[in-house]
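A.B. asks: Mind looking over this structure? Questions follow.
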Amino acid sequence: MKESLVGLSYNPIPDSELDLYVDEAFKQRNLLDANWALSNQNMPNEASLYAPGANTIKNITCPVLHLWGKQDDVLAPEFMTTDNYNALESVSEIIGYDDCGNMIFFDKTDQSIAYIVVFLNKK
């Protein structure tokens, strides 16, 4: 678990903080079920590795903020983020952070929180 978290962050995670993240992750008893559900939820029209396309992304009408760490090539590489953004372009915004992996709230804590507040206040 520690190696997985280290691989998702661009910046080094202090050991004490890493231990806290691991402890909290193991408290989530349905972690495998949650990961399975996320892998099998396929809202675009195209099939994924796990599921056929449901073509339900077109039903989203609320504002959507896509935060993306440009160094995340494991869980949300650029094409996945831009595909989702493009499918929802009329209702969404995308923010890409340099020097950031999948753990955006760790790598870019202040910047991401500040932009979320701005985004929520616009709507």
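A.B. asks: So what's the angle, to the nearest 10 degrees on a 0 to 90 scale, between helix 15-27 and the longest Cα principal axis of the chain?
C.D. replies: The two axes meet at around 60 degrees.
A.B. asks: Sort D107, D33 by Cβ crowding within 10 Å, fewest neighbours at the top.
C.D. replies: Least to most surrounded, the residues fall as D33, D107.
A.B. asks: G69's amide H: which non-local residues (gap 5+, or another chain) put their own amide H closer than 5 Å, with H modeled 1.01 Å from N in plane and none for Pro or chain starts?
C.D. replies: Y97
A.B. asks: In which sequence would S112, S16, S48 go, from the one with the fewest C-beta neighbours within 10 Å to the one with the most?
C.D. replies: S16, S48, S112
A.B. asks: Listing M80, M103 from the residue with the fewest other Cβ atoms within 10 Å to the one with the most, what is the order?
C.D. replies: The order, fewest Cβ neighbours first, is M80, M103.
A.B. asks: How about the stretch 1-75: which chymotrypsin sites (Phe, Trp or Tyr not before Pro) there are in a DSSP loop, with at most 14 other Cβ atoms within 10 Å of their Cβ?
C.D. replies: Here the chymotrypsin sites (Phe, Trp or Tyr not before Pro) that fit, given the DSSP loop and packing criteria, are Y50.
A.B. asks: Just subtract the alpha-carbon distance of D73 and L32 from 0.36 nm times their residue separation and send over the number in nm, one decimal.
C.D. replies: Here the answer is 12.6 nm.
A.B. asks: Could I ask something else about it? Taking the Cα of S39, stepping 7 Å toward and past its beta carbon, and measuring to each backbone N in the stretch 3-22: which are under 15 Å?
C.D. replies: None, by backbone N distance to the label point.
Every number here is computed from the coordinates shown, using simple stated rules; none is lab data. Predicted model, so just to flag it, every value in this text is computed and none were measured. Reconstructed Cβ throughout: ideal geometry from the backbone, glycine too, with neighbour counts over all protein chains shown.
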